[in-house]
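Take a look at the structure set out below.
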Amino acid sequence: MIFKTSEIIEQQLTLSQRSQSHAAYAVFAWDSFFSLKQQIVMVWNTPPLAGEIFAVNWQWNTLVPFQLNMNWLVPEAHCQQAISKWIVPEPQQTMLEMQWSQAAAKNQQITVKLHIGEQLATEIALSYTNIQSQGDNKTVAWAPHAARWVCSSKYVPPVGKVTLRFSEPWINSTSPTQLRFTASPNVCYRDDGGGLIGTNPSLPTIDFKIPIEPQIRRSYLMQPQISCVRVIDGVAVVLKSVSISQSRSQWASSGSLAFSSRIDAERAANELLKISINGYDFYLLCESPSESKAFGKTSYSATGRGRLATLASPNRKAINYVNVVSRSFIGLMADIVANTGWTVASQITDYPVPANAFSYAAKTPAEAINIMANSIGAMLDVNDETQTITVIPQWPVVPWNTASAIPDVILHDGVILEFNERIDIRPNANAVFVRGEQQGVAAKVKRFGTAGDNFAADIVDKLITDNQAARMRATAELANAGNKVQNSIRAKVMADLPPMRPGMLIGVRKGAEVFKSVCESFSISGSVNESTGMVTVNQTVTLLRNEVAA
């Protein structure tokens, strides 16, 4: 086809096709007064049902190879090769866009758009339907995801233990008690980002306990040390010997001191001393100094009590007290020790005490809070360093549940220097009546799984004003009942064997078995040999556990 114009424009179209080889050839050529020549050549050739394989190999680390194979078949009529050549006289913009998809109809489309300046646009669209095979899209994504808040209306149970506390008694309650958790739109948690392993992994729960157990060694090298300073000014006090002891019935530790000289005894008189034994600190209020003389020898000694003695006589005056307003049990204790520098913490179930239900006469603060603790079957665990009084149960683990409990410390033959055992005969009981006085509750409490037909002596106390108080006091009474096995164990004080405290659950390896007992009392002693200067440190604990029936 040839066209002539007044501007002598010549255009020519040549089309050639061979059906035998499935090839097509097209040539477009034209001349214009711009002296522009453009040529497009498109050739394709494919045998029927040709298969093509593309292999893509990569490794996302040095140890894990990964290979993705894509294989597909195409029908006879399709485009295999496209070549486009053109020349233009002016600046132009060329854009190449290719889109494809694999929908339900297996339709695949490739669109090529060419934009030349703003005057000429050429579009070539090639589409076909792949009937023989179906492709898919392989996507591999990796990288730490961003931190975000994840919110849901579904109830997420908390990790660890759940403690339910009811502040008011429900008289018309039915059994069993049903708890219903309603959906809330405000249940959210913080996702701190990261990949398969978070950048800031969550910490493990703290609701587990790992017992302290000294390592088993062939030999133990001991380097015992004893030092003593005056707390008020840090002046050193030289000791010849020291002994400190405490039991569950005591509200403060007691001790005895032997001084190296008269000057040391005078420095320590009526002062609060800080005594370090093998790196563990103890506090004693030095009281009652004494002097002893013999032929050619004079000794100086004193007795003392723990730091809580600063809240007892003669350091504090005894007073009378009545709770004129309703307070909780721990709130009453906090009121008694208010403005003294001491604080009260609790490991028991707190409960309300009505107004005018509790009173005492001529008691110091230390005596008053000890009476309160004993009223509900608890005891005082005093931290002399931080001046914190923690109320804990007398039996943190009751004797009939020690088999499944995790001990605080485990002793073995390598660290036990002396072991004694005897039977403590006590009347047995599986139930007890507990009630308050003018204001309070009355309850019969029995051990779970028993008939509750063997009663202990009745308990009457002012502070039994709530079912929780009755339960705690009755638990202590039933735990004290029955024959007990009492063990006395002497051991060393080391870095991996700290001083044991009353109320701890102690495990003892006896042969192949481990029996567990509650620490009733402990004592720690240290002495310095006058001739050799050798220091000796030992600790002794008394343990209680139920006697196993034959």
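Structure notes:
- Condition met for Ala470 (closer than 27 Å to Thr390 by Cα and in contact with a Phe, Trp or Tyr (Cβ under 6 Å, 6 or more places away or on another chain)): no
- So Ala265, is it over 25 Å from Cys519 (Cβ atoms) and either part of a strand (DSSP E or B) or open to solvent by less than 30 Å² (accessible area, probe 1.4 Å) (or both): yes
- Residues of region 317-334 that turn out to be open to solvent by 50 Å² or more (accessible area, probe 1.4 Å) and under 10 Å from Ala357 (Cβ atoms), as a count: 3
- In region 488-512, the residues that are within 30 Å of Asn374 (Cα to Cα) form Cβ pairs under 7 Å with partners that are hydroxyl-bearing (Ser, Thr, Tyr) and open to solvent by 50 Å² or more (accessible area, probe 1.4 Å), at six or more places apart or across chains, as follows: Pro498/Tyr280; Pro499/Tyr280.
- Screening Val325 with (1) part of a loop (DSSP other than H, G, I, E, B); (2) at pLDDT 95 or above gives one miss only, at (2).
- The sole residue among Ala373, Ala368, Ala338 that is open to solvent by less than 60 Å² (accessible area, probe 1.4 Å), assigned to a loop (DSSP other than H, G, I, E, B) and aliphatic (A, V, I, L, M) is Ala338.
- Candidate set from region 341-365 (those that are part of a loop (DSSP other than H, G, I, E, B) and at positive phi); member that is least open to solvent (accessible area, probe 1.4 Å): Gly341
For (1) over 38 Å from the mean Cα position of the chain (by Cα); (2) within 17 Å of Asn383 (Cα to Cα), each residue gets a yes or a no:
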position: Leu308; (1), (2): no, yes
position: Pro314; (1), (2): yes, no
position: Lys317; (1), (2): yes, no
position: Val324; (1), (2): yes, no
position: Phe329; (1), (2): no, no
position: Thr343; (1), (2): no, yes
position: Ser346; (1), (2): no, yes
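- Filter result for the condition that a residue is among the charged types (D, E, K, R) and out of contact with any strand residue (DSSP E or B) (no Cβ under 9 Å at 6 or more places or on another chain), over Glu520, Glu530, Glu547, Glu513: Glu513
- For Asn428: the one exception among (1) open to solvent by less than 80 Å² (accessible area, probe 1.4 Å); (2) part of a loop (DSSP other than H, G, I, E, B); (3) among the polar types (S, T, N, Q): (1)
- Test: residue in region 526-539 that is farther than 22 Å from Ile348 by Cβ, assigned to a strand (DSSP E or B), open to solvent by 40 Å² or more (accessible area, probe 1.4 Å) and in contact with an Asp or Glu (Cβ under 9 Å, 6 or more places away or on another chain): no
- Residues of region 438-465 classified as open to solvent by 80 Å² or more (accessible area, probe 1.4 Å) and either in contact with a Cys (Cβ under 7 Å, 6 or more places away or on another chain) or in contact (Cβ under 8 Å) with a residue 60 or more places away in the chain (or both), total: 1
- Within region 406-429, the presence of at least one residue that is under 16 Å from Asn483 (Cα atoms), polar (S, T, N, Q) and touching a Gly at 6+ places or on another chain (Cβ under 6 Å) is confirmed.
- Of all residues in region 502-525, exactly one satisfies the criterion of being basic (Lys, Arg) and buried (at least 18 other Cβ atoms within 10 Å of the Cβ), namely Lys516.
- The set of residues from region 272-314 being in contact (Cβ under 8 Å) with a residue 40 or more places away in the chain and surrounded by fewer than 20 Cβ atoms within 10 Å (Cβ to Cβ) comprises Leu272, Lys274, Ser276, Gly279, Tyr280, Asp281, Ser299, Ser301, Thr303, Ser313.
- Any hit, region 480-492, residues being touching a Cys at 6+ places or on another chain (Cβ under 9 Å) and open to solvent by less than 40 Å² (accessible area, probe 1.4 Å): no
- Considering only residues in region 232-262 that are touching a helix residue (DSSP H, G or I) at 6+ places or on another chain (Cβ under 9 Å) and among the β-branched types (Val, Ile, Thr), the one that is surrounded by the most Cβ atoms within 10 Å (Cβ to Cβ) turns out to be Val237.
The values are calculated or read from the model by the stated rules, or taken from the named source; none is laboratory data. The model shown is predicted, which means the values in this text are computed figures rather than measured ones. Because the Cβ atoms are built from the backbone with ideal geometry, glycine has one as well, and the counts that use them run over all protein chains shown. Each accessible area value is taken on the protein alone, full model and side chains, heavy atoms only, with ligands, DNA and RNA left out. Shrake-Rupley method; radii C 1.70, N 1.55, O 1.52, S 1.80 Å.
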